[in-house]
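This report refers to the structure that appears directly beneath it.
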Amino acid sequence: MDANRRRTLATGAAAATAATATLLGLSGCGHVVAPSGATTSQPQPQSPPRTGARARAQVAATPAVRPTMVSVTMDEYSFSLPWHDLTAGTYTFLLSNAGSAPHAMTVDGPGIPGVAQSATILPGQRTSLTVTLRPGRYEVWCPVDDHRDLGMDTAVIVR
C-alpha cells in the first residue's frame, strides 16, 4: 500500500473515531438524585441529531433550571427554615448542623417517591438535599434516633 493511501485511511479512521466519541458524549446519561441521596443514572430520551446553526440555536434557547437555594440550620431539636410557604419548583436545602448531636433532614409529600433524605451530619458539618416540590403539604423531620418525637419536625406548604 502506498504512503498516500495509508495516510488517507489513518485520517479517515481518526475522523470516524472522533465523530463516534462526539456522538456518544452528546447522547450521555443524566443523573438523578435518589431519595437516599445516592446518585443513579437514567438514560435520557434520544432525539434526532441536529446540525449547524439550528442545533446551536436550540441549545442556546434552552435555559438550565437551577434549584432555589434555602439555608436550613438544624439543632436540638428544631429546623430553622427562612419560610414555611414555598412555590412549586426544585429546591436545594443547604443544611448546617449547629447542634451538639448528629442530624439529618427527611422530606415527605406529593410527588416524592418514598421519602427524600439527606446524609446524617455531625455537629459543625454541612450537607445538602435537592428535591422537586409540587403543590401540597410536606412533612419535614429529623430521622436520627428519637429527634422527631422530641419535636424536630415541621410542615411546609407548597403552592
**Asked** Cα centroid distance between the stretch 83-102 and the stretch 126-159, in Å?
**Response** 8 Å
**Request:** Just the ratio, please: alpha-carbon radius of gyration of the stretch 97-158 over 2.2 N^0.38 Å, N its number of residues.
**Result:** 1.13
**Item:** the stretch 68-158, relative contact order in percent, only Cα pairs under 8 angstrom and at least six apart counted
**Value:** 31 percent
**Request:** Between beta-carbons, use under 14 Å as the cut-off and find the net charge around residue 81, counting Lys and Arg +1, Asp and Glu -1.
**Result:** -4
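Throughout, read-outs are computed from the coordinates displayed, never taken from laboratory work. All values reported here derive from a predicted model rather than from experimental measurement. All Cβ positions, glycine included, derive from the backbone under ideal geometry; neighbour counts span all protein chains shown.
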